6 protein chains.
Amino acid sequence: MRDAKPAQASFTTMTEMVFPNDINGLNGLMGGRLLYWMDIVAAIAAQKHANSYVVTASVDNVSFSQPIKIGNVVTLKAKVTRAFNTSMEVHIEVQAEDVPQQRIVESHRAFFTMVAIDMEGNKIEVPEVIPEAHEEITLFESALRRRQLRLVLAGRMKPEEAHELKSIFDIKN
Amino acid sequence: MRDAKPAQASFTTMTEMVFPNDINGLNGLMGGRLLYWMDIVAAIAAQKHANSYVVTASVDNVSFSQPIKIGNVVTLKAKVTRAFNTSMEVHIEVQAEDVPQQRIVESHRAFFTMVAIDMEGNKIEVPEVIPEAHEEITLFESALRRRQLRLVLAGRMKPEEAHELKSIFDIKN
Amino acid sequence: MRDAKPAQASFTTMTEMVFPNDINGLNGLMGGRLLYWMDIVAAIAAQKHANSYVVTASVDNVSFSQPIKIGNVVTLKAKVTRAFNTSMEVHIEVQAEDVPQQRIVESHRAFFTMVAIDMEGNKIEVPEVIPEAHEEITLFESALRRRQLRLVLAGRMKPEEAHELKSIFDIKN
Amino acid sequence: MRDAKPAQASFTTMTEMVFPNDINGLNGLMGGRLLYWMDIVAAIAAQKHANSYVVTASVDNVSFSQPIKIGNVVTLKAKVTRAFNTSMEVHIEVQAEDVPQQRIVESHRAFFTMVAIDMEGNKIEVPEVIPEAHEEITLFESALRRRQLRLVLAGRMKPEEAHELKSIFDIKN
Amino acid sequence: MRDAKPAQASFTTMTEMVFPNDINGLNGLMGGRLLYWMDIVAAIAAQKHANSYVVTASVDNVSFSQPIKIGNVVTLKAKVTRAFNTSMEVHIEVQAEDVPQQRIVESHRAFFTMVAIDMEGNKIEVPEVIPEAHEEITLFESALRRRQLRLVLAGRMKPEEAHELKSIFDIKN
Amino acid sequence: MRDAKPAQASFTTMTEMVFPNDINGLNGLMGGRLLYWMDIVAAIAAQKHANSYVVTASVDNVSFSQPIKIGNVVTLKAKVTRAFNTSMEVHIEVQAEDVPQQRIVESHRAFFTMVAIDMEGNKIEVPEVIPEAHEEITLFESALRRRQLRLVLAGRMKPEEAHELKSIFDIKN
């Protein structure tokens, strides 16, 4: 295992302006364009943590609320929350702003899981994450539960073994 | 509530070829490009079911396995599994093929939730889905569980009320 | 000559949504964007028939009628009609639909000729096509006439030798 | 009918460099990209002749020969050959050059038919073309034959009425 | 004149990954792509300062040194240095990094001048800039000299009136 | 030093149509898109002069005036003005036209400096430029002054040594 690194070391900010081709028929940013940007910012954050190439392993529970309009400035902030051997969970916060109107339009969250690979495409181990700020600690702790949920849903973990996940449902074992 | 429609009525096939700009540094299709295509095919399938404009509401549990290579032909098949008032869950199957080598490279699944809206952007009701084929029935039934999971994770449903979801964990109440 | 294959084996469906950057100044899909999509779907169909790389050899008699609008869903269906040693004629049908309005907007046809090549770019032989459905047989038979027309127009066949082509003009020889 | 204009008045030159995303799997410029550029240069030439908006009506007998490589400079030259009421035939010459190697790689020709429209999308009359240079006169004269071919193939002219076209086959009626 | 704002209030970070289509024939990021990104980040910084729409007025003395490679992460940082009635000078710093190799590849600087406009496209006044950090003060002071240079080169100021500019040449008047 | 070549030998014309994605929020061509096109046309002109690969070294004093609108035809004309060992200054003229309205909308000028490189990326010498037309001679002569300005601003030449440049300010030494 390589030396642990602080969560902050992977922090990445990306800014995009919404162009006409990014919108759907009703003048809002299409979800697919936002997912495309999220994937790039997640990859950069994970590269910073692992200092290696990375590929996307999974995408979870992205939700979209109010529409983001043409001309809005979209800011994406990504940080690695926790590492699991060769994979890293990346937390992404998205904010859209109508700058001339000084109005924050939108605020999203998403979790992407990225895997570190070497030049031949083999998975490689990544450093552990040291959470420092309050929010980093909260995200670090809840990461285990989200990971169990992904494994259960993918059929790679038995539900009864997902101890952390069960705690959501206040279930005693 | 508008008349129910068979799941098959929303079936949509989309085919894309992987171009150089779609790949990441290690020659595999970037996750963000695949998410972008998934969003378009999900939107078309949902439009066919609702006969209205639609916007993306959430994306769940997309997982990526083996790399898809440049020149591969990617086929995305989408179908609405179930409707919940104004929203529809869309199931997407992705297959990548190296046609000259006659080799199926990859097979993914994902669920997108789309919401039907009118010209002013207000949510509108959609027809119910009539599942007919065996797989359609299975997806229809499990859609309720996935919806509860989304609501619990988004903090919009109390875990103890998510009866269908609990069944994953074989828990009696 | 490799084993003959049914026309149906090359059948390919591609679906695209019309985005703002695909339209010309008057809000209709630009011809060049549709030709670009036609070329991709023709290449995939020809790849499926030949199981090799292919390049475009010629494009014939594409005609455009009513305008296709932004937000329309464009469906392209391609199938190899007939093979001539190393080349294949591909028939493409294009349909545009305003899904929310449930209106089919447009219907085109085009013929692309694709050539099979190996990794070094040398032309290679392709399987013959076995037409089965009624429309496949009609297209298979008329393919010879269209091929003679291409060769005459390219100055590679003497008009008096284009026996099939002359039949268009009801001329006895 | 508006005043006639010399063919030269519509002459348009367009230069493009071939980027990675323009090529197919075997490193040659994809046919669809070249068709896309041809459509734009044809539209500009037709706009110059008609001084109106234009849309693409048909594409004929484009043939592709040797591959155009990445980094090549592609020059497209377009000129209106003849007008027919509301439509114009545009002749396009394409040349590809490997500038560092001082080698002309490729030479194509194509004919696009464009229709002049007003702001409401209605067809409008265009000026006649005055051919001056030797090549302009040749193209002007053969344009009638190509037009009859298009009309016969589209089922909008009876073959026996296509007098100019028949002359290709040296047939007396 | 609207209230003055600190330089820091316009600070904008933009992160881009270099994709295959962004490179020229020799595998380095093309200058034109970097200029395109610079223009977007300059526009966002100027929008934040002026809280209005902005357009690009001029670009000065951008220089490119070592090549930026495919897969590199490019970070652009922009800040308004000084305002002149309706225009703002924006300073842009560019850094490229090969993250897996932990190597900073490149460091550029550029100055863009942006003009604030209202919805009808008329120029509007912008707040003055309050420089605080040491580098902000240095850039604020030298901005006048750069502005005189732009005006002289554009023929809109007589060289003998460009007092600040002359100081570069250590000339007494 | 390779044989000198006439300025005219590098002359390059590029034509682009303004598409929706090229415009900013207020319907004018974004500066960054024009800079991107300028870079390509400058690179082609420099390649023609040097018959080698080239990279962008610097961009100077590009100014933008009236807005260029969607649907406008933008014509860029580039020519090498003078060579300095391994670098070439390229002069670019930009004109925008609303063809249906027969109105020339805009006229810009810019200077790009390009460097000739071999396949390994090493700088290589380029032929001298022979200016012939009146404008070519004027641009050839003033190129030295612009070069000194670039060097002084980049801190690579002492202002007191920039004899040509000083002449702008009518200063005797």
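The values are calculated or read from the model by the stated rules, or taken from the named source; none is laboratory data. Note that the structure is a prediction, hence the values are computed from the model and not measured. All Cβ positions, even for glycine, are placed from backbone atoms using ideal geometry, and neighbour counts span all protein chains on display. In case anyone asks, the SASA skips ligands and DNA or RNA and just uses the protein heavy atoms, side chains included. Shrake-Rupley method; radii C 1.70, N 1.55, O 1.52, S 1.80 Å.
From the list F:Ile104, F:Ile40, the one residue that fits, being free of Cβ contacts under 8 Å to residues at least 24 places away in the same chain, open to solvent by 10 Å² or more (accessible area, probe 1.4 Å) and in contact with a strand residue (DSSP E or B) (Cβ under 6 Å, 6 or more places away or on another chain), is F:Ile104. The single condition among (1) at pLDDT below 90; (2) at the interface with another protein chain (Cβ under 9 Å from one of its Cβ atoms) that D:Asp39 does not satisfy is (1).
Within the stretch B:26-37, being in contact with a Phe, Trp or Tyr (Cβ under 8 Å, 6 or more places away or on another chain) and either in contact (Cβ under 8 Å) with a residue 40 or more places away in the chain or surrounded by 22 or more Cβ atoms within 10 Å (Cβ to Cβ) (or both) holds for B:Leu26, B:Gly31, B:Gly32, B:Arg33, B:Leu34, B:Leu35. Any chance the stretch C:9-17 includes a residue that's over 30 Å from B:Met119 (Cβ atoms), touching a residue at least 24 places away in the same chain (Cβ under 8 Å), part of a helix (DSSP H, G or I) and touching a strand residue (DSSP E or B) at 6+ places or on another chain (Cβ under 9 Å)? Yes, because at least one residue in the stretch C:9-17 is over 30 Å from B:Met119 (Cβ atoms), touching a residue at least 24 places away in the same chain (Cβ under 8 Å), part of a helix (DSSP H, G or I) and touching a strand residue (DSSP E or B) at 6+ places or on another chain (Cβ under 9 Å). Checked against the criterion of being of a type outside the set (Lys, Arg), open to solvent by 70 Å² or more (accessible area, probe 1.4 Å) and either in contact (Cβ under 8 Å) with a residue 12 or more places away in the chain or in contact with a Gly (Cβ under 7 Å, 6 or more places away or on another chain) (or both), the stretch A:132-141 contains one or more residues that satisfy it. When D:Met88 is tested against (1) over 11 Å from D:Phe112 (Cβ atoms); (2) part of a strand (DSSP E or B), just one condition goes unmet, and that condition is (1). Tell me whether the stretch A:78-97 contains one or more residues that are touching a residue at least 12 places away in the same chain (Cβ under 8 Å), within 7 Å of another protein chain (Cβ to nearest Cβ) and either touching a strand residue (DSSP E or B) at 6+ places or on another chain (Cβ under 7 Å) or crowded, with 24+ Cβ neighbours inside 10 Å (or both). No, the stretch A:78-97 contains no residue that is touching a residue at least 12 places away in the same chain (Cβ under 8 Å), within 7 Å of another protein chain (Cβ to nearest Cβ) and either touching a strand residue (DSSP E or B) at 6+ places or on another chain (Cβ under 7 Å) or crowded, with 24+ Cβ neighbours inside 10 Å (or both).
Here is a yes/no grid of residues against (1) more than 22 Å from E:Gly71 (Cβ to Cβ); (2) not basic (Lys, Arg):
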position: B:Asp3; (1), (2): yes, yes
position: B:Gly31; (1), (2): no, yes
position: B:Tyr36; (1), (2): no, yes
position: B:Ala43; (1), (2): yes, yes
position: B:Ala50; (1), (2): yes, yes
position: B:Lys69; (1), (2): no, no
position: B:Val73; (1), (2): yes, yes
position: B:Met88; (1), (2): yes, yes
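Looking across the stretch F:43-71 at every residue that is open to solvent by less than 30 Å² (accessible area, probe 1.4 Å) and among the small types (Gly, Ala, Ser), the one that is nearest to E:Lys123 (Cα to Cα) is identified as F:Gly71. Of all residues in the stretch F:55-68, which are within 9 Å of chain E (Cβ to nearest Cβ) and either over 20 Å from F:Pro131 (Cβ atoms) or part of a loop (DSSP other than H, G, I, E, B) (or both)? Passing the criteria: F:Val55, F:Thr56, F:Ala57, F:Ser58, F:Val59, F:Asn61, F:Val62, F:Ser63, F:Phe64, F:Ser65, F:Pro67. Test E:Lys123 against the criterion of being under 25 Å from A:Ala46 (Cβ atoms) and either surrounded by fewer than 19 Cβ atoms within 10 Å (Cβ to Cβ) or touching a residue at least 60 places away in the same chain (Cβ under 8 Å) (or both), and give yes or no. Against the criterion (under 25 Å from A:Ala46 (Cβ atoms) and either surrounded by fewer than 19 Cβ atoms within 10 Å (Cβ to Cβ) or touching a residue at least 60 places away in the same chain (Cβ under 8 Å) (or both)), E:Lys123 does not qualify. Checked against the criterion of being part of a strand (DSSP E or B), under 26 Å from C:Lys77 (Cα atoms) and within 17 Å of the chain's Cα centre (by Cα), the stretch B:27-39 has no qualifying residue.
Check the stretch D:111-120 and report whether any residue there is open to solvent by less than 50 Å² (accessible area, probe 1.4 Å) and more than 22 Å from C:Pro67 (Cα to Cα). No, because not a single residue in the stretch D:111-120 is open to solvent by less than 50 Å² (accessible area, probe 1.4 Å) and more than 22 Å from C:Pro67 (Cα to Cα).
Residues satisfying the criterion are present in the stretch E:145-160 (criterion: in a helix (DSSP H, G or I), open to solvent by less than 80 Å² (accessible area, probe 1.4 Å) and more than 12 Å from chain F (Cβ to nearest Cβ)). Could you say whether any residue in the stretch F:18-34 is acidic (Asp, Glu) and more than 11 Å from every other protein chain (Cβ to nearest Cβ)? No, the conditions are met nowhere in the stretch F:18-34.
Selection of the stretch B:16-25 for residues being hydrophobic (A, V, I, L, M, F, W, C) and either open to solvent by 10 Å² or more (accessible area, probe 1.4 Å) or over 28 Å from E:Pro20 (Cβ atoms) (or both) yields B:Met17, B:Phe19, B:Ile23. Read through the list (1) more than 25 Å from F:Gln101 (Cβ to Cβ); (2) part of a helix (DSSP H, G or I); (3) within 12 Å of chain E (Cβ to nearest Cβ), then give the number of the only condition that F:His49 fails. Every listed condition holds for F:His49 apart from (3). Comparison of C:Gly121, C:Gly71 shows that the only residue that is within 10 Å of another protein chain (Cβ to nearest Cβ), closer than 23 Å to C:Leu151 by Cβ and in a loop (DSSP other than H, G, I, E, B) is C:Gly121.
In the stretch D:126-144, the qualifying residues are those that are among the β-branched types (Val, Ile, Thr) and closer than 14 Å to D:Ala46 by Cβ, and the one that is nearest to the other protein chains (Cβ to nearest Cβ) is D:Val126.
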